[in-house]
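Beneath this line is the structure, given in structure tokens, with notes to follow.
What follows is calculated from the coordinates using simple rules that are stated; it is not laboratory data. What you see is a predicted model; the values in this text were computed from it and never measured. Cβ sites come from the backbone with ideal geometry, for glycine too, and all protein chains shown count toward neighbours.
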Amino acid sequence: AAGVIQSPRHLIKEKRETATLKCYPIPRHDTVYWYQQGPGQDPQFLISFYEKMQSDKGSIPDRFSAQQFSDYHSELNMSSLELGDSALYFCASSPGTGGFYEQYFGPGTRLTVT
Amino acid sequence: AQKVTQAQTEISVVEKEDVTLDCVYETRDTTYYLFWYKQPPSGELVFLIRRNSFDEQNEISGRYSWNFQKSTSSFNFTITASQVVDSAVYFCALTSNTNAGKSTFGDGTTLTVKP
């Protein structure tokens, strides 16, 4: 069965650079969630989209922005990168918004900022 | 507000021992879902189980079993006859409709199974 695809899987950037993370949800899933997991921490919710509109927002820095496109894939754009942005970034998709629907997590993108 | 507490930060057992990972949750919603995920050193989140708030039936899947008790807001996970491959970080998570479906994770429990 198709799973959530995230690219790239690994990314190394320098401070103050920008990064773009991509997420391709499972076909027919219209909801995408982004999470950030710092070293030794639990995943923290950043932002979510339902039908290409932002549906909820968590602790996402102003330097980050995200959007969901017409084909339902989503991109997380991160600017002015800081060392503290080094983390594992997960995308999850679900066939609807709300807790009723199970989230399917992608393999994550490991971002290292040097 | 939602909260998930995994009081055990680290657990170490010897192979073949049984081990229980605790999870206590808080939510004002009457409809919610609880999850357990396994995160091996490779980093991906491996889905283990999903349970809705109306189904308190315990579940067994091979060496894994889950005990959901609404009266104590707990959703504990037991591994029977643990194996070295069970070594990982285990997360308990909660979602609800009024929280737009996003997952609230516990801090995780690092399980080390020694040969």
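What to note about this one:
- Whole-Hz Karplus values for region A:27-38 come out as x, 6, 8, 10, 10, 10, 10, 10, 10, 10, 10, x Hz, taken residue by residue from phi with 6.51 cos²θ - 1.76 cosθ + 1.60 and θ = phi - 60°; glycine and proline positions read x.
- The count of lysine pairs in the protein assembly as shown that are at least 8 places apart or cross chains, and whose C-alpha atoms lie under 15 Å apart, stands at 5.
- Contact order relative to length of region A:63-114, as percent, for alpha carbon pairs under 8 angstrom and 6 or more apart: 32
- Working ranking of peptides B:72-85, B:93-106 by packing, defined as the average number of other Cβ atoms within 10 Å per residue, highest first, is B:93-106, B:72-85.
- Remark: mean inter-chain Cβ contacts per residue of A:35-42 equal 4, using a 10 Å Cβ-Cβ cutoff to other protein chain atoms.
- Couplings 3J(HN,Hα) for region B:16-29, derived from phi with the Karplus relation 6.51 cos²θ - 1.76 cosθ + 1.60 (θ = phi - 60°), are 5, 6, 8, 9, 10, 9, 8, 8, 10, 10, 9, 7, 8, 6 Hz, where x marks Gly and Pro.
- FRET E, pair B:GLU56, B:VAL85, Förster distance 30 Å, beta-carbon r, rounded to 0.05: 0.50
- Pair-distance profile P(r), taking every C-alpha pair of region B:6-115, with 10 angstrom steps and integer %: 15, 48, 30, 7, 0
- Per-residue mean of C-beta atoms belonging to partner chains within 10 Å, peptide B:101-114: 5
- B:SER87 long-range amide H proximity, modeled H, under 5 Å: B:VAL113
- 10 Å beta-carbon shell around B:VAL113, net charge (K/R +1, D/E -1): -1
- Relative contact order, percent, region A:34-86 [alpha-carbon distance under 8 Å, six or more residues apart]: 24
- Sequentially through region A:3-16, phi angles give Karplus couplings (6.51, -1.76, 1.60; θ = phi - 60°) of x, 6, 10, 10, 9, x, 7, 9, 8, 10, 10, 9, 3, 6 Hz, Gly and Pro residues having no value and appearing as x.
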